[in-house]
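Q: Below is one structure. I have some questions about it.
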Amino acid sequence: MFFFRRQNAKPAPRPSRAPSFALPKRRYPVQLTPSHQHDQLPFLRRSRFSALPHFRAYEDEPENLTLFIAILYVVDLFGIFPFVTLPALLVKLGYFGVLLVLSIIFLQIYTSFLLSQCWTMAELLDPSIQQKRNYPYAALAELAYGPYMSLLVSVLLDLSIFAMAVPSVVMAAENLEAVVLRISAGHYNFSYCYWAIIVGLVICPLMWLGSPKHMRGLAIIAVCVMIVIVALLWFCLFAAPAIGTPFEGISLELPGFLTVLNSYSILAFQFDIHPVLLTLQIDMKHKSQVSWAALIGISITCSVAIFGSIIAAYKFGSMIADNLLQSLPTSVPFYVMLILMALQLCFSVTVASSAMFLQIENYFKLPESLSFKRMLIRSSVLALEVLVAEFVPSFDALMDVVGGTITGPLVFILPPLLYRRIRRMERVHQRIAAEASYGSLPLDLNYDPVDLEMEPLLVTAPPVSPRGCWLRLVRVLHRLECDVSCTMAVLIFGLLATFLSTYLNLFSLADLFTNNSPCLSNLTKHF
C-alpha cells in the first residue's frame, strides 16, 4: 500500500505543552456576506447602483441608537427657546395662539414622518444611498430630482444649521452677562462680547465629536440639565408676584395677519428638527422608530412649554416680556437656572450642528475618526458663528429671517415634494418588477396588496364594532390616497407661508441691525 502514499503530505503537528496564553492567537478571517438588496433595479439608471454586491463585516458593527436615546436627542435639539419665547408669543396671539402652536407642531410631526418614509423607500429603491449617510437630505434630493436640487438642499441645510446656532450663542452669552449684572446690582458688568467668546471656547471641544451615535453621554447630560431647568423655571414662576389680574390683557379677538406671519416664523424656528432627523434615523438601531422619537420628543417639549406659558400668562398677563427671563425676579434659583441654560444651549448647538459638519467633512473626504483636519474645520466654523453672534443685537433678531425664509422650505416644502416623487418612483418600480417576474402572463396591474390583506380582517371583524369601523376607514383613506392629498395641502401651505415670510423679511432686514449690538458699538468707537 506504500504505492498510494502521498508524497507531499505534512505530518500532523505535535501538541504543544506550553500554556494557552503563551501560544500565538490564531486570527480567523472575517466572514463577509453578500447583501442581495444591492441588485440592479430595472427602471433606474445603472450609474446609480454598484455592479458588485455590498459586503458587510460582522466585526465592524456600528453603535446604533435606541428609541429612548433618540427621544433624548429630539428633546435636546429644541433647547430652551420654547420655554423662554413661547409665553410672550401666546399672550400676543391670544387664545388663537394655542390653536396656531398646535397646528404648526402637528405639521412638523407630519413632515418629519414623510421625511423618514422617504429614506426608508430610498433604501429599497437604491441601496447604494446608504453610502451617502453623511448627507442624507441632499442624497434624497439627488435621487428624486437630480444634482441641482441636491445642491440647493445642501445650501439651505447648512445655512439653517449655521443660522440656528447663532441665536443659541447669543442667548447663552446674554444669560451669563445677566447673572454678573444682577448679582453685582448693576455695579459691575462683564461685557456680552467676552461672554460670547467664552461660550465658543466651551462649545469647541464638544464640536469635535462625530455623529449623534458618538454623543450618547452628551444627550443624557443635556436632558438631565433640561429637567433641572424646567423645575427651577416653574419654581421661579410660582414664586414671582403676580402683576394685575390673572390673564390680564389677553383677548379673544383674532390677531393681525402680520402678527400671525411673524409667529409662524418663530414657531418654525423653535420646533425644527428636520436638518438632523435623517442623521438621527441612520444612526438608530430600528430606523422605522425615528417617527416615534420625533412624535414623543416634540410632544414632551410642547406640553412643558405650553404649561409654563399658561403659568406665565396667569402671573404677568400682557405685561410679560418677549424674553420670559426678563420678567422673573432675581433669586438664587434664578441665577442657577441662567447658568444651566447657558450650558444646555452649548449642548444643543453641538447636537444640532452634527449634520452640517458631516456634510462638510464628506466634501473634504475626511475619515470618520477624530483627526486634526476635523478639529480645524469645526473650530473654524464655530469661530465664524461666534463672530456673527458678536454683531447680532439680540437672540430673537434672527428668528424671523431664519424661521420664515430658510427653515420653512426644509420643513414644509421639501418633505412633501420628496415624498410624492419617491412614492411615484416606488410604484413604477413595483409595476416593472411585477411585469419582469410574470413575463407574458396576463397580470392585473391594479392589484393592491393592502386591500388583499385587509379583506380577511374585515370579514372577521363585526361591522358595528370600533375595530370594524376603523378598518373600513383605513381602507377608504388608502383608496383615496389621502397621504398624497395631505402632502399637496402641506406643500401649498409651505409655499404660501415661505413666500409671504420672505417678502416681509425683505423689509425688516434693514431694521435688523438698527439697534447695534454693544460689540459693534464698541468697535466703531475705536475707529
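The values are calculated or read from the model by the stated rules, or taken from the named source; none is laboratory data. Only a predicted model underlies this, so the values are computations on that prediction, with no experimental measurement involved. A quick note on method: Cβ atoms are made from the backbone with ideal geometry, for glycine too, and the neighbour counts reach across all protein chains shown. For accessibility, only protein heavy atoms count, side chains too; no ligands or nucleic acids. Shrake-Rupley method; radii C 1.70, N 1.55, O 1.52, S 1.80 Å.
Q: For segment 239-291, what is the Kirkwood hydrodynamic radius in Å, using each pair of distinct C-alpha atoms? Don't jump to the answer; show the numbers that get you there.
A: Numbers: mean 1/r = 0.0650 Å⁻¹.
After inverting the pairwise mean of 1/r, the radius is 15.4 Å.
Q: Right, another one. Over all directions, average the projected area of the Cα convex hull of segment 249-370 and note it in nm².
A: On the way: hull surface 46.3 nm².
It is 11.6 nm².
Q: Per the Kirkwood treatment, what hydrodynamic radius in Å, one decimal, follows for segment 196-247 from the mean inverse distance over all distinct Cα pairs?
A: Kirkwood radius, segment 196-247: 14.2 Å.
Q: Also, quick follow-up: For segment 82-199, what is the relative contact order in percent, using Cα pairs closer than 8 Å and at least 6 residues apart in sequence? Spell out each step's value before the answer.
A: Values: 56 pairs, mean separation 14.1, N = 118.
Once divided by the residue count of segment 82-199, the mean separation gives 12 percent.
Q: Please report, to two decimal places, log10 I(q)/I(0) for segment 120-268 at q = 0.09, 0.14 Å⁻¹ as given by the Debye formula with identical point scatterers on the Cα atoms and no solvent.
A: At q = 0.09, 0.14 Å⁻¹ the computed log10 ratios are -0.57, -1.12.
Q: To continue, here is another question. Please compute the net charge surrounding residue 87, taking Lys and Arg as +1 and Asp and Glu as -1 over other residues with Cβ under 10 Å from its Cβ.
A: On the way: positive: 92, 315; negative: 322.
Neighbourhood net charge equals +1.
Q: Quick one: if the Förster radius is 45 Å, what FRET efficiency do residue 194 and residue 288 give, using the C-beta to C-beta distance and rounding to 0.05? List each step's numbers first, then the result.
A: Working: r = 47 Å, r/R0 = 1.05.
Efficiency computed from Cβ-Cβ geometry: 0.45.
Q: Before I look further, what does segment 114-224 give for accessible area per residue, probe 1.4 Å, in whole square angstrom? Intermediate values should be presented prior to the final figure.
A: Values: 4310 Å² over 111 residues.
Accessible surface, normalised per residue, equals 39 Å².
Q: Counting pairwise Cα distances across segment 324-411, what percent come out greater than 18 angstrom? Intermediate values should be presented prior to the final figure.
A: Numbers: 2427 of 3828 pairs.
Tail of P(r) above 18 Å: 63 percent of Cα pairs.
Q: Still on this model: Say R0 is 41 Å: what FRET efficiency, to the nearest 0.05, do residue 131 and residue 488 get from their beta-carbon distance? Kindly include the intermediate steps, with their values, before the conclusion.
A: Details: r = 32 Å, r/R0 = 0.78.
Result of the calculation: an efficiency of 0.80.
Q: Please arrange 190, 357, 68 by accessible surface area, largest first, computed with a 1.4 Å probe and ligands excluded.
A: Numbers: 190 60, 357 0, 68 135 Å².
Result of the area sort, largest leading: 68, 190, 357.
Q: A further question on this structure: Let's see if you can work this out: charge +1 on each Lys and Arg Cβ, -1 on each Asp and Glu Cβ, no other charges. What is the dipole magnitude of segment 325-438 about its Cα centre, in debye to the nearest 20?
A: Details: 10 positive and 8 negative charges, 134 e Å.
Charge dipole, segment 325-438, about its Cα centre: 640 debye, nearest 20.
Q: Right, next: Got the relative contact order for segment 135-255 handy, in percent, Cα pairs under 8 Å and 6 or more residues apart? It would help to have the intermediate numbers written out before the result.
A: Values: 44 pairs, mean separation 15.0, N = 121.
In percent, rounded to a whole number, it is 12.
Q: Continuing with the same structure: If r is the Cβ-Cβ distance from residue 155 to residue 465 and R0 is 35 Å, what FRET efficiency results, to the nearest 0.05? List each step's numbers first, then the result.
A: Working: r = 53 Å, r/R0 = 1.50.
Once the sixth-power term is evaluated, E becomes 0.10.
Q: Which order, highest average first, do 406-417, 170-181 follow once you tally other Cβ atoms within 10 Å for each residue and take the mean per peptide? Walk me through the intermediate numbers first.
A: Working: 406-417: 25.3, 170-181: 22.6.
Packing proxy ranking, top to bottom: 406-417, 170-181.
Q: Per residue, how much accessible area does segment 240-376 show when a 1.4 Å probe rolls over the protein heavy atoms, in square angstrom? Kindly include the intermediate steps, with their values, before the conclusion.
A: Working: 5850 Å² over 137 residues.
Per residue, segment 240-376 has an accessible area of 43 Å².
Q: Okay, moving on. If amide H atoms are built 1.01 Å from N in the plane of the peptide, which residues on other chains or at least 5 residues away come under 5 Å of the amide H of residue 284?
A: Here the answer is 65, since their amide H atoms fall under 5 Å of that of residue 284.
Q: Same structure again: So how far, in whole Å, is the C-alpha centre of segment 230-246 from the one of segment 141-161?
A: Answer, in whole Å: 45.
Q: Quick one: divide the alpha-carbon radius of gyration of segment 180-323 by 2.2 N^0.38 Å and tell me what you get.
A: Values: Rg = 19.7 Å, N = 144, 2.2 N^0.38 = 14.5 Å.
Against the empirical 2.2 N^0.38 Å value, I get 1.35 for segment 180-323.
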